[in-house]
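Values in this text are rule-based calculations from the coordinates and carry no lab data. Fair warning: this is a prediction, and the values are worked out from it, not measured in the lab. As a convention, Cβ positions derive from the backbone with ideal geometry for all residues, glycine included, and neighbour counts pool all protein chains shown.
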Amino acid sequence: MYLIIGLVIVAVSIFVGYTMAHGEWAVLFQPAEFIIILGCAMGAFFASQTKYTFGLVIKSLKHLAADPGSSKSRYLEALALLYGLFSKMHREGVISIESDVEKPESSPIFSKYPNISKDTQLVNFIGDTLRVYLTTGDPADIDSLMDVDIHTMHEEGILPAHAVTHMAESLPGMGIVACVLGVVLAMGKINEPPEVLGHYIGAALVGTFFGILTCYGLFGPMGAKLENYMAEEHFFYNCIKEAVAAAIRGSTPLIAVEYGRRAIPYPFRPAFAEMEEKLKSG
């Protein structure tokens, strides 16, 4: 939604400003320039991809019109789920949660929080971590394992953002390419009247304008949106990591989820009383 609103603002600003200056809109319509710029940029983009990274870019397109859903309620639900697991561990022993982490789809703890349990990647992150602890009984490297997992997810998630941003950064250069070709055409008309020559020079300059506009007004914001999306997800996984790590170190269930609460960004961080009420109500 924010991306769409931003792009509309960019388009309206250009339309209003150019109209106020009594600009001729027909001059800006240069299909040949657009084909050169966008075609070269897309070609360079494809040339820089692998099958793996291109697949990531395609999958990430859905994030452009979406939001990670970061909210106080999402964080509270995640902490409540973890509190349920930690409480069971505390009461009945670590081995008691084996069935929950092995088959989360049939776990009564996970089923209480459908918004979290439907996130397969998150469920696997929690389950795999606790499964390692169940198998080894050693909390020493669990922190590092989660850090590796989070780092890998973040690096993978940021690849599409970098790919789109790099393409955006190439567009002003492609605009110059189109502009130079337009100037070459204009030089071939050097003996034409000034109004004809001016038309060709103006058409050439549209290439520079279009390249810069699509870089900073279209594809640049798309790349930044994908990067911000992954940054919000990183905060969420870090919250889970802090809580799980504390529980495995031997903290009580309440202290463990408090570690997680303290890792939540301030706009989404619930007060301790809010969290306590959620934990009691389930």
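Laid out as a table, the results:
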| item | result |
| --- | --- |
| Gap separating the Cα centres of the range 207-280 and the range 155-193, nearest whole Å | 36 Å |
| Contour minus Cα-Cα distance for Thr135 and Ile58 (0.36 nm per residue) | 24.0 nm |
| Length added when fully stretched, Ser281-Ile95, from 0.36 nm per residue minus Cα-Cα | 64.4 nm |
| At R0 = 22 Å, FRET efficiency that the Cβ-Cβ distance of Ala47 and Leu185 yields, to 0.05 | 0.25 |
| Alpha-carbon radius of gyration plus Dmax, which is the widest Cα pair, for the range 192-282 in Å | 26.6, 85 |
| Sequence ranges 93-101, 74-82, 177-185, ranked by mean other-Cβ count within 10 angstrom, highest first | 74-82, 177-185, 93-101 |
| Rounded FRET efficiency, nearest 0.05, which uses the C-beta distance separating Tyr18 from Leu197 and R0 of 25 Å | 0.65 |
| The chain: equivalent-ellipsoid semi-axes (sqrt of 5 x gyration tensor eigenvalues, Cα, Å) | 55, 20, 13 |
| Cα-based Rg of the range 114-195 normalised by 2.2 N^0.38 Å, two decimals | 2.32 |
| Using alpha-carbon coordinates, inclination of helix 253-262 to the longest axis of the chain, degrees | 20 degrees |
| Extension reserve of the Arg262-Ala26 stretch, reckoned as 0.36 nm per residue once the Cα distance is removed | 79.3 nm |
| Protection-proxy order for peptides 144-150, 224-230, 193-199, 21-27, each taking the mean of Cβ atoms within 10 Å per residue, highest first | 224-230, 144-150, 193-199, 21-27 |
